[in-house]
Number of protein chains: 2
Amino acid sequence: MKRVKLTIAYDGTNYCGWQIQPNGITIEEVLNRALKKLTGENVLVIGASRTDSGVHALGNVAVFDTETTIPADRIAYALNQKLPEDIVITKSEEVPPTFHPRYCDCSKTYEYHILNTKTPIPTKRLTNYFVSYDLDVDKMRKGASYLVGEHDFVSFCNVRTDVESTVRTVTALDILQNGEEIIIRISGNGFLYNMVRIIVGTLLRVGRGFYEPEKVKEILETKDRKAAGVTAPPHGLFLVEIRYQ
Amino acid sequence: MKRVKLTIAYDGTNYCGWQIQPNGITIEEVLNRALKKLTGENVLVIGASRTDSGVHALGNVAVFDTETTIPADRIAYALNQKLPEDIVITKSEEVPPTFHPRYCDCSKTYEYHILNTKTPIPTKRLTNYFVSYDLDVDKMRKGASYLVGEHDFVSFCNVRTDVESTVRTVTALDILQNGEEIIIRISGNGFLYNMVRIIVGTLLRVGRGFYEPEKVKEILETKDRKAAGVTAPPHGLFLVEIRYQ
């Protein structure tokens, strides 16, 4: 028996998110099926990040246990032959049997892609949030600076489950411009439900001039979800990387 | 009666190209239908570039004649309400009744997008040609330099129709790097059938080391389609802009 860690990239457009659910096809389900075809075993993967419907990944992580004789580092290639082209295993490797992708210390990086043009670009409609109004990126950067560090992010969390603590550490929050794309890149030791998308929704209000940058600090201190901006739509969000210590 | 020029962006993934044909839905057909809904007239657009199945556009051009009272510059907005989200009119304007998008002097610009990484990125699979081998971009630039200027491009043309002359002028051919993407950008006064994609296929052979850059000059001089590289796949190709004198 060995435990294998997979690094997974996917286009979330055609999936109801990561986690298996009754009403539609999910990444987790497609992976389990492909692994069954490959190994002959009833494999159940454990995912690191249960991304929402429409959210994309460049480097989500999952593990599974197997008796297969296929070397761990060859599983990526073999599994890709059994997966649809919108899901790609970029790496496979053996890890200790105690490694759990959700209960190990890690740093996650997300990117949120905004297309800031006057008219939408059809080829970017599934991977960028289209925003036609002018954005003041310097003000967005100033607003973002208040979020870096250890804070109680309860104002930036949609109620979902019984999370014990809403304190998280954002280690970096950068706003990059690549031509007509604005990319909000955020790293931290864990994120609350919808936290990245609520931060993006809030920074867009700052960029548009509806909020002063200092308002972001106030929202943090208010500790009230209603104080923050709306949740930005899922299709601009990419889970870029999960780094384990 | 007025003649209206439309500038059109589209994601070509779900279409059998521009031109109406019996076996599948095309951009031209969808435009005609939307214009009928908008104006009540049996409109037939005349397109500038009849892009192939899977090819994308940021700025294709079409004209149509109409009696509508909608001001020409407002048609873009009104028409977008009746179009699917993978086709967007970025501009509409009145032009003289003698303006024909194919028989007027113009400069066209295409881009071909290559994703040059070790593993594919699912979100880029419909807009980038994935190439996993190393590419020598400097050699590709040297090879490309032989194509700039007025030449007989018959070696870079797939036989389709009764084109009178195969002489064309390439005014610029640049190879840009944007992170892990390599973009081949080419402008000229007109292109033969599949010319851009055959140029790309040939420059990829140069980048891979199968051809020396000087071979591109030879291929031009041989005047034989069989001398050039294969036609690169359609999904990496974007018609970026058509500029009329």
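Annotations
- Karplus-derived HN-Hα couplings along the range A:14-25 (A = 6.51, B = -1.76, C = 1.60, θ = phi - 60°), whole Hz, x at Gly and Pro: 9, 10, 8, x, 6, 7, 3, 8, x, 9, x, 7
- Shortest-first nm distances, A:Arg208 label point to equivalent points in other copies (7 Å, Cα→Cβ): 4.8
- Ordering of B:118-126, B:35-43 by packing is B:118-126, B:35-43, highest average first (other Cβ atoms within 10 Å, averaged per residue).
- Highest mobility in the GNM of chain A, judged by mean-square fluctuation with C-alpha springs under 10 Å and restricted to A:Ile89, A:Ile182, A:Ile70, is found for A:Ile70.
- Separation of the B:Lys37 and A:Arg102 label points, Cα + 7 Å toward Cβ, nm: 4.3 nm
- Under 12 Å from the A:Thr171 label point (7 Å along Cα→beta-carbon), backbone N, the range A:1-36: none
- Plainly put, the tip 7 Å out from Cα toward Cβ on B:Tyr133 is 5.1 nm from that tip on each other copy, the closest given first.
- Relative contact order of the range B:123-245, pairs being alpha-carbon contacts under 8 Å that are 6 or more residues apart, as %: 35 percent
- Surface composition of the protein assembly as shown: carbon and sulfur make up 48 percent of the accessible area, probe 1.4 Å.
- Ranked by the mean number of other Cβ atoms within 10 Å per residue, highest first, peptides A:94-100, B:151-157 order as B:151-157, A:94-100.
- Computed extension length for B:Asp73-B:Met1: 24.4 nm, one decimal, from 0.36 nm per residue of separation with the Cα-Cα distance subtracted.
- The spacing between the range B:11-27 and the range A:186-245, judged by their C-alpha centroids, is 40 Å.
- Global geometry of the range A:183-229, whether rounded, prolate or oblate, following the gyration tensor of its Cα atoms and the 1.5 cut on a/c: oblate
- When the P(r) of the range A:72-170 is calculated, the portion above 20 Å amounts to 67% of the C-alpha pairs.
- Per-residue surface analysis assigns A:Tyr129 an accessible area of about 60 Å², computed on protein heavy atoms at 1.4 Å probe radius.
- Loss of accessible area when A meets B, both sides summed, Å² nearest 100, probe 1.4 Å: 1500 Å²
- The range B:43-82: C-alpha gyration tensor shape, a/c 1.5 cut-off, then a/b vs b/c: prolate
- The residues of chain B expose on average 46 square angstrom of accessible surface per residue, using a 1.4 Å probe on protein heavy atoms.
- Cα point-scatterer Debye curve for the range A:102-245, base-10 log of I(q)/I(0) at q = 0.12, 0.14 Å⁻¹: -0.46, -0.62
- Calculated label separations, B:Thr98, copies of the chain, 7 Å along the beta-carbon direction, nm: 8.5
- In terms of overall dimensions, the C-alpha atoms belonging to chain B reach 59, 41, 31 Å along their principal axes, ordered largest to smallest.
- Two-decimal log10 I(q)/I(0) for the protein assembly as shown, as the Debye equation yields it once each C-alpha is a single scatterer, q = 0.08, 0.13 Å⁻¹: -0.61, -1.27
- Tensor-based shape of the range A:138-190 (alpha-carbon gyration tensor, a/c under 1.5 rounded, otherwise prolate or oblate): prolate
- Model label points for A:Val159 and B:Asn189, set 7 angstrom from Cα along the Cα-to-Cβ axis, are 7.0 nm apart.
- Reach of A:Lys226 by Cα under 29 Å, taken over lysines that are not fewer than 8 positions away in the same chain: A:Lys108, A:Lys139, A:Lys142, A:Lys215, A:Lys217
- Diffusion coefficient, µm² s⁻¹, Stokes-Einstein with Kirkwood Rh over alpha-carbon pairs of the range A:16-83 at 37 °C and 0.692 mPa s: 260 µm²/s
- Normalising by residue count, the range A:11-139 has a Cα convex hull of 144 Å³ per residue.
The values are calculated or read from the model by the stated rules, or taken from the named source; none is laboratory data. This structure is a prediction, so every number in the text was calculated from the model and none was measured. Reconstructed Cβ throughout: ideal geometry from the backbone, glycine too, with neighbour counts over all protein chains shown. To get the accessible areas, we keep the full protein, side chains included, count just its heavy atoms, and leave off ligands, DNA and RNA. Shrake-Rupley method; radii C 1.70, N 1.55, O 1.52, S 1.80 Å.
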